Amino acid sequence: MGDPGDPFGNRHAAGLTRPDAVRPKTVVIETLPAPAKLYARALSGIIKRGRDTQLPALRLVRPAVAIDPGPVWRYARVCGFIPEHGVPLTYPHLLAFPLHLLMLTDPAFPWPALGLVHLANHVRLRRPLSYKDLLRVEVEFGALLRHDKGQAFVLHTRMYRRGEAVWDGDSVYLKRGVEAQGNPLDPLELGPLALQRIARWQLASQLGRDYAGVSGDYNPIHLAALSAKAFGFPRAIAHGMWTLARAASALQPPKPLAEATLSAEFKLPMLLPGEASLWSASPSLIERDIEVRDKAGEKPHLRGRMQWRLQ
């Protein structure tokens, strides 16, 4: 299955990898800290001064993580997936998220985790996933990337089943106001077809809390107006990964996936409560260009592309 393109340009395989030859230190995480402890780590590291822009050579591993039906179904309901979809394409991101928080709150990481901006995400399903699968989850830092607003960087996720690679995820984050180094982050380019509106969404005020409950992502900018205002937002904003999952659930045919890629850039914040619209074009029967826009269809919240092969 060919890669349909992604926000990382033609360097997805090479340019997102650390250019240095430092072998990462592998740490096996048998038991995860409680979510409260993870966010306490994030709060305790909110001020870091005088750190060089250098990502730790660290790989965190959860050796046997089960895809349990209960959590999957709760996630599916919040994000719009139906039972016929099987394990949602974006669900494995949740299995890696606690390791992401551990990486971003590691004492050697140069910046506070709170305040980082999630710029883009690319996921690839290599093999079909099933309930009760046991996956080995590995997370490590990738390349530094230049951005006009600061320093961007990549966080890699790789998942294996009995030694076979089954799912990959690459998340790009931004630290604003830092002198940047690395290759530039290429924008995602959609095809020439005009996008058509295919859905309208009503976004409830509790959407951020609902998604936090199934994902473990309790970033305060998503939970309530008061906590969001502390970070400069007028109201709570929707999680970018919810927006990506909701778009994927709306576009996937009602059958499980055999392979798929999903790439997206996160654009303007989506305020809660609010309204949004889903726009799409179909370059082929198994490919969709995607935009999530505001109610008027003028301002983009997300731009992406999805390609798949069904079981």
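Values in this text are rule-based calculations from the coordinates and carry no lab data. Please read all numbers here as calculations on a predicted model, not as lab measurements. Glycine also receives a Cβ, built like all others from the backbone with ideal geometry; neighbour counts cover every protein chain displayed.
Quick notes
- With the cut-off at under 18 Å, measuring from each backbone N in segment 52-90 to a point 7 Å along the Cα-to-Cβ line of residue 179 picks out 52-55.
- Nitroxide proxy distance, nm - points 7 Å out along Cα→Cβ at residue 230 and residue 268: 2.7
- In the chain, the calculated helix contribution to ellipticity at 222 nm averages -5500 deg cm²/dmol per residue, counting -39,500 (n - 2.57) for every DSSP H run with n ≥ 4.
- Between residue 258 and residue 284, the contour length at 0.36 nm per residue exceeds the Cα-Cα span by 7.6 nm.
- Each Lys and Arg contributes +1 and each Asp and Glu -1, all at the Cβ; summed about the Cα centre of segment 9-310, the dipole is approximately 360 debye.
- Of all lysines in the structure, not one lies under 17 Å Cα to Cα from residue 37 without also being fewer than 8 positions from it along the same chain.
- For segment 216-311, trypsin sites (Lys or Arg not before Pro) meeting the loop criterion (DSSP other than H, G, I, E, B) and having at most 14 other Cβ atoms within 10 Å: 295.
- Here segment 98-200 is treated as a sphere whose radius is the Kirkwood value from Cα pairs; by Stokes-Einstein at 10 °C and 1.306 mPa s it diffuses with a coefficient of 100 µm²/s.
- FRET efficiency for the residue 53 to residue 23 pair, using the beta carbon distance and R₀ = 25 Å, is estimated at 0.80.
- Entries in 175/229; 149/299; 229/295; 229/267; 132/175 that, when Cα-Cα distance is taken, lie over 28 Å: 132/175
- Calculation over all alpha carbon pairs of segment 172-264 in 5 angstrom steps from 0 returns a P(r) of 2, 9, 14, 17, 17, 18, 14, 7, 1, 0 percent.
- As a proxy for reagent exposure, 298, 189 were ordered by neighbouring Cβ count within 10 angstrom, fewest first; the result is 298, 189.
- A Förster distance of 35 Å, applied to the separation of the beta-carbon atoms of residue 209 and residue 311, puts the FRET efficiency at 0.55.
- Using the Karplus relation 6.51 cos²θ - 1.76 cosθ + 1.60 with θ = phi - 60°, the per-residue 3J(HN,Hα) values for segment 194-201 come to 6, 7, 10, 6, 10, 7, 10, 10 Hz, with x marking Gly and Pro.
- A cut-off of 5 Å between modelled amide H atoms, ignoring neighbours fewer than 5 places along the same chain, links residue 80 with no other residue.
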